[in-house]
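What follows is a set of notes on a single structure, which appears directly below.
Just so it is clear, none of the values below were taken in a lab; they were calculated from the coordinates. None of these values were measured; they are calculated from a predicted model. Neighbour counts are summed over all protein chains in view; Cβ atoms, including those assigned to glycine, are modelled from backbone coordinates with ideal geometry.
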């Protein structure tokens, strides 16, 4: 296994219009790792995901996937390079059924899960497959949002606050899904406020504040750093 | 002779047929407008001009290249579609980031250019275009006389409308379209080339208008003014139907066409404005349109 | 970004340079008929007023009306009929036209304001087309011929408007009246509320303003002033025809405003002058005017959205920022 990172971000600066929102962000993710971005609201976590993906266009710096430059690519090419995106708002389409939502994103590699495998992993999606996408509960929509990215064969998944607003039982379920994905060797960049959840799956943490990376540490150090975290996160 | 409400039945059914035919064009054109608007958020004022271009393409193909009607049904939409693709790539796409009203103004300007140019070349009067021999003549149905070409237009338009509906509701491309109408950025973040989708959609909408133009050529005369007169009525149709649903646009088109035809029978002076009156009523009672969703 | 907002925020306040420029402009307008054909000047004045009226709606309320020809042409018909058939004194006939346009504005506006943005534009277009169809059929308009031979009459029974200078100065007076009316509306509490609605409608609603009423009020004012332009035009040129109510006329006034600068006070005047001068120049030649108008439209929308005056204002703003 190579030690070169799968995803490499160096000195990423980004702007929303005139507003400078990311200041020299550095980030590394190795293949098979689950990395979590922590930070309070407005720290720039979602912005970082959007900047990596290319939804946010005004950027400077370096973004490389397996050495391939992503910064100059249009949004759809970034996805085709192998980055899967599960946005905070989940983005389930109301004018599509569950199964249509599931198969919408085109496959970007052969290593994607088949529809059968996905329905095995998410049986409730199979039951509701003909329903309108938005008729699903929040938790089911979250599963669907993750599932459709799994089908594409993306090498790395950007997951934005998957547990937000969900009941503990569903949160548990999502945690199980992420663990299962990890076992399959999936690389995950996770944004989460709920660090108890993140602790279960994350190999490493990055801490963000005001659009800057202020710290990074391995997963097992999380408990030791609780005080520092409480201060930065304001919880 | 039988009469219904004092109108002789052949005359009544004749007007209903005319209404159905007008309604066919209202449906086809409002369908194209709705599809383009849904994805691009642009009101394509040039839609009427594209319809006119289709009719003129058929006319020119016949008179200068000896290309018959059936080939024109394929070639005219192709030509107009390509022109529309160029327009979208070079001009329309630059306006996606600014207020949508500018898109309307751009297509309005384009419509003026096209209508002005054709008016300059051909004059305002209409040119005749004969229906193909296979579709000429008519059948006597007993209660009315049905010209074959007009029957063909109604059937063809139904096929086109239903075909478009199927394309949008049942195919993968249609799923891309529906999803991108809701959230274009996210669809692009999944790896779909949305800019290309926008271009193709505009081209397809224009081609649809041009196809309607070819169908229209033997019925209405081929005139530079045929598009602008029609498009404004289609705007009213679209306001009545609401732009939320493809099926709604189709149904509204046919219904309003028939309503217009019936008005011509019973109250002829109002026939040219009845659709606008319906629009006014709908605006008072249900502003989002009959099938529309409140934005 | 809403149409016209780019430079609306900082309208230069009335300072000495502006007053001096204004005085010079008025002096020039007073002297103009001795240097240019009065008919051409009057044409420009009427359309400049029309464009200013249209601009009130798009530039200061953010509503794009595609049906202003109905007010312009409708008022022309009413005035023409009153002057010719009923023998009214010209000013009274003009007032009738304005009143008619205001009523039409009330009805149309009431219906159109129920929707926003693009829908609003389509509705105004459809309603004005409906009016055009009615004009085509109703006997008093004389259909394709229009109302011809409208007498200019005697202003207040005293001044013979057949004298070109007299007609010109009346037209100028009407134009200045209309222009200053707009200026007053924009710089009034009513105008400030309109501006607030335009910049953040939701906020205005939450503050308790009856937003629809303000929009309708602005719409009626715009319609009335457009009617004033049309009525005056009917007296000046002594006819009223279907051309005045067609959608192409609505398009022309949009172009004049766009070219001159949406949301600027004098932009529409500049735009109208240019377009009328251009049409005048081309009238002799064979060139299709519609095509040229369309081309200018396309160029303006793509490259030149601020319009002439808007660009100048932007340049001035940048210069002053650079100097600061």
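Length gained on full extension, residue B:78 to residue B:140, computed as 0.36 nm times the residue gap minus the Cα-Cα distance: 18.7 nm. Annotation: the residues C:321, A:200, sorted from fewest to most other C-beta atoms within 10 Å of their own C-beta, follow the order C:321, A:200. For chain C, the longest principal axis of the Cα atoms and the long axis of helix C:69-84 meet at an angle of about 30 degrees. Values of log10 I(q)/I(0) for the protein assembly as shown across q = 0.09, 0.10 Å⁻¹ run -1.00, -1.14, by the Debye formula with one identical scatterer at each alpha carbon and no solvent. Cα centroids of the stretch C:137-207 and the stretch C:284-306: 26 Å apart. Within the listed set A:148, A:225, A:90, the residue fluctuating most in the Gaussian network model of chain A (springs between alpha-carbon atoms under 10 angstrom) is A:225.
Of A:52, A:103, A:157, the residue with the greatest mean-square motion in the GNM of chain A, using alpha carbon springs below 10 Å, is A:103. In degrees, nearest 10, range 0 to 90: what is the angle between the Cα axis of helix B:100-122 and the longest Cα principal axis of chain B? That works out to roughly 50 degrees.
What the Cβ-Cβ distance of residue C:210 and residue A:199 gives, at R0 = 51 Å and to the nearest 0.05, is a FRET efficiency of 0.40.
Among A:140, A:183, A:209, the residue with the largest mean-square fluctuation in a Gaussian network model of chain A, with springs joining Cα atoms closer than 10 Å, is A:183.
Relative to the longest principal axis of chain C, what angle (0 to 90°, nearest 10) does the C-alpha long axis of helix C:164-186 take? It is inclined by approximately 30 degrees.
So, in Å, what gap is there between the alpha-carbon centers of the stretch C:261-278 and the stretch B:69-142? So the two Cα centres are separated by 31 Å. So what's the stretch B:158-207 giving for Rg/Rh, alpha carbon basis, Kirkwood Rh from the mean inverse pair distance? Rg/Rh for the stretch B:158-207 comes to 1.00. Mean separation of Cα pairs under 8 Å and 6 or more residues apart, divided by the residue count, gives chain C a relative contact order of 32 percent. With both labels modelled 7 Å from their Cα along Cα-to-Cβ, the residue C:192 to residue B:285 distance reads 4.4 nm. Across all Cα atoms of the stretch B:15-72, the radius of gyration (one decimal) and Dmax (whole number) stand at 14.3, 39 Å.
Taking a ≥ b ≥ c as the square roots of the eigenvalues of the Cα gyration tensor, the stretch A:154-203 is classed as prolate, since a/c reaches at least 1.5 and a/b is larger than b/c.
Note on residue C:165 and residue A:172: the model spin-label points, each 7 Å out from Cα along the C-beta direction, lie 9.9 nm apart. Given their separation in residues at 0.36 nm each and the Cα-Cα distance between them, residue A:57 and residue A:126 gain 21.2 nm when the chain is fully extended. The order of B:245, A:216, going from fewest to most other C-beta atoms within 10 Å of their C-beta, is A:216, B:245.
The rule of thumb for compact globular proteins, 2.2 N^0.38 Å, goes into the C-alpha radius of gyration of the stretch B:241-292 1.17 times. Relative contact order of the stretch C:184-324: 19 percent, from C-alpha pairs under 8 Å at least 6 residues apart in sequence. Of interest is the spacing of the C-alpha centroids, which for the stretch A:34-91 and the stretch B:231-285 amounts to 48 Å.
Computed from Cα atoms alone, the Kirkwood hydrodynamic radius reported for the stretch B:68-181 is 18.2 Å.
Ranked by how many other Cβ atoms sit within 10 Å of their own Cβ, fewest first, the residues B:263, B:252, C:257 fall in the order B:263, B:252, C:257. For chain A, adding -39500 (n - 2.57) for each run of n ≥ 4 DSSP H residues and dividing by the number of residues yields -9500 deg cm²/dmol at 222 nm. Computed over all pairs of different Cα atoms, the Kirkwood value for the hydrodynamic radius of chain B is 19.7 Å.
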